[in-house]
Amino acid sequence: MRIAGQVHIDDIPKICPLVSRAVNPQYGEIGTRVVEVAGVRFGGERPVVIGGPCAVESHAQTVGLAHAVKRAGADMLRGGAYKPRTSPHDFQGSGLEGLCILSVARQETGLPIVTEVMDPRLVGEVAQVADMLQVGSRNMHNYTLLAEVGRTRKPILLKRGMSASLCEWLGAAEYIAKQGNLDIVLCERGIRGFPSGEYSRYVLDLNVIPAAKTLTFLPIIVDPSHATGVSAMVEPASRAALEMGSHGLLIEVAEAAFGEPKCDGLQAIDGAALGRIVKFAHTRRQHSEFRSPKAVEVGAN
Ligand code: PEP
Ligand code: MN
């Protein structure tokens, strides 16, 4: 029986030709497009580790954590100035002021910044500060936003919708690519499954890493913080993600010195734990079939 709107993995070359491995033979069977963000290379030999607060709350908190992330040896700083919250009554992020704080944090530490943009009207404003724009899980299906970030020349971190199939996720990447921007890094952040919410926040779908790698040449990283929602699970989940071939990690960090975070405190790890993860990530070379994508330099967009 054929059903309207149904897509299958085999349709990827047809529905997502721009990001499909099969349609772009220059990447071969295991080649990865290296996405460079201010000197940090996603999809290269070394996994990339991004650390930082869930939300930019204050100058002291974000700049202080940026220094902790730098000391831990991580490659980039994360932090949301605009936060997608379940309740409109909760803290929504510090907006423009948050962007200014992120810019100071970069100045002080030299760490490139990835931060989320939720509103197509604010893409230009956020892109002025961000080295990489994050499209969050809730906005993966926001095609207007995807086209808007695609029109910038900024690298994009595209999170997987929490209930999105791999086809839908690659379709979202195709929207960005269609605007001429192929600097896209996929980020698995956990999906809804029947046990999600019982003992962890979502179900961390590590199986999608090798699957995505066979279908696309885009780099893929993992966010073990939102996937698990439990700080004690973040370290082992990070190692597991690297073991499954992840090109990097996006991790939420907090320190007692800066007070209880306004959001997602239960999944945050401290600088010392981040340092252990960085050491694990940076001292290993990718060696399995899944973990040795050949870096292929194919002209910037
Ligand atoms: C985040 O990384 O700040 C975030 C809100 O994550 P997600 O979109 O995956 O829920
Ligand atoms: Mn968070």
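The values are calculated or read from the model by the stated rules, or taken from the named source; none is laboratory data. On a predicted model such as this, the values are computed, not experimentally measured, just so you know. Note that we place each Cβ from the backbone using ideal geometry, even for glycine, and neighbour counts take in every protein chain shown.
If a residue counts only when it is more than 16 Å from ligand 2 (Cβ to nearest atom), which helices (runs of 4 or more DSSP H) contained entirely in the stretch 166-229 have at least 3 such residues? Step through it out loud before you land on a result.
On the way: elements: 166-178, 208-215, 224-228.
Passing ranges, in order: 166-178, 208-215.
Note on the stretch 253-279: residues that are farther than 12 Å from Ala55 by Cβ, part of a helix (DSSP H, G or I) and not hydrophobic (A, V, I, L, M, F, W, C) amount to 5.
Yes or no, residue by residue, for (1) closer than 30 Å to Phe91 by Cα; (2) buried (at least 20 other Cβ atoms within 10 Å of the Cβ); (3) hydrophobic (A, V, I, L, M, F, W, C):
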position: Gly5; (1), (2), (3): no, no, no
position: Ile12; (1), (2), (3): no, yes, yes
position: Cys16; (1), (2), (3): no, yes, yes
position: Ala22; (1), (2), (3): no, no, yes
position: Gln26; (1), (2), (3): no, no, no
position: Arg41; (1), (2), (3): no, no, no
position: Val48; (1), (2), (3): yes, yes, yes
position: Ala55; (1), (2), (3): yes, yes, yes
position: Leu65; (1), (2), (3): yes, yes, yes
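Residue pairs whose Cβ atoms lie under 8 Å apart, sitting 6 or more positions apart in sequence or on different chains, and linking a residue in the stretch 261-289 that is within 16 Å of ligand 1 (Cβ to nearest atom) to a partner that is at pLDDT below 95 and of a type in the set (A, V, I, L, M), do not occur here.
Please find, within the stretch 112-153, the residue that is nearest to Gly73 (Cα to Cα) out of those that are in a loop (DSSP other than H, G, I, E, B) and more than 16 Å from the chain's Cα centre (by Cα). Restricting to residues being in a loop (DSSP other than H, G, I, E, B) and more than 16 Å from the chain's Cα centre (by Cα), the top hit is Arg153.
Does any residue of the stretch 32-41 turn out to be part of a loop (DSSP other than H, G, I, E, B), more than 20 Å from the chain's Cα centre (by Cα) and at negative phi? No; the residues of the stretch 32-41 include none that is part of a loop (DSSP other than H, G, I, E, B), more than 20 Å from the chain's Cα centre (by Cα) and at negative phi. When Pro112, Pro88 are checked against the criterion of being under 16 Å from Arg138 (Cα atoms), modelled with pLDDT of 95 or more, surrounded by fewer than 24 Cβ atoms within 10 Å (Cβ to Cβ) and not charged (D, E, K, R), a single residue qualifies: Pro88. Filtering Glu198, Glu260, Glu255 for residues that are modelled with pLDDT of 95 or more and either in contact with a helix residue (DSSP H, G or I) (Cβ under 6 Å, 6 or more places away or on another chain) or within 21 Å of Phe280 (Cβ to Cβ) (or both) leaves a single hit, Glu255.
Here are some residues: Leu99, Leu77. Which one is within 15 Å of Ala254 (Cα to Cα), touching a strand residue (DSSP E or B) at 6+ places or on another chain (Cβ under 9 Å), within 16 Å of ligand 1 (Cβ to nearest atom) and not in a loop (DSSP other than H, G, I, E, B)?
Details: Leu99 fails: within 15 Å of Ala254 (Cα to Cα).
On inspection, the qualifying residue turns out to be Leu77.
Inspection of the stretch 189-199 finds no residue satisfying the criterion of being within 20 Å of Cys263 (Cβ to Cβ) and of a type in the set (Val, Ile, Thr).
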